[in-house]
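Single-structure report; data block below.
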Amino acid sequence: MKKRIVVFVILPLLALCLFANLALHADGRPIHQADLSEQRIYAYRGWQSIGLTLHPGEVLTIRAQGSWLYSPDVGYHGPQGASVQFPAPLYYPLPNKIGGCLIARIGETGKPFYVGQGVTVPVETFGPLYLRINDDIVTDNDGYVTVEVTVHQPEEEEE
């Protein structure tokens, strides 16, 4: 009988109290784009969403640091790409740019663009932001870079 009271009464009450405590401390509001912090982009994964949706007219700034490996022949390097800078082959996500660099795109089918250690670009299309390493086969890669992403409205010119 005592085991049933513990299992059917006390444990559910404890779980309810824990859930209520978590609910009181979480305000449930979405994170504002201005409050985003650093996130990791892994070299061994393809396109990675950071959970940010962009809108035309905004200005996107991405800053990156860290090191990752996309080829054992080249060694570890930063988000700017491999020190042996040769144009990436046509089958890379961003051909004719540096192999192993950080790249981005807006939307599922957006055109990839170079990020490297940092970039500021006007947003022209609606969609989620995706980031990745400029490499065709990511399964043999290692490491990650951290990115800091900020989004703001362009400042209006005073007349």
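No value in this document is a laboratory result; all are computed from the given coordinates. All values reported here derive from a predicted model rather than from experimental measurement. All Cβ positions, glycine included, derive from the backbone under ideal geometry; neighbour counts span all protein chains shown.
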Sorted by Cβ density within 10 Å, fewest first, the residues D140, D135, D73
D73, D140, D135
On each of the three principal axes the extent of the alpha-carbon atoms of region 33-152, given in whole Å and largest first, is 41, 27, 21
List the residues, sorted by chain then number, that are 5 or more residues from Q117 or on another chain and whose placed amide H is less than 5 Å from its amide H.
Q80
Across region 111-123, in residue order, what do the Karplus-derived ³J(HN,Hα) couplings come to in whole Hz, using 6.51 cos²θ - 1.76 cosθ + 1.60 with θ = phi - 60° and x for Gly and Pro?
6, x, 9, 6, 10, x, 7, x, 7, 10, 9, x, 8
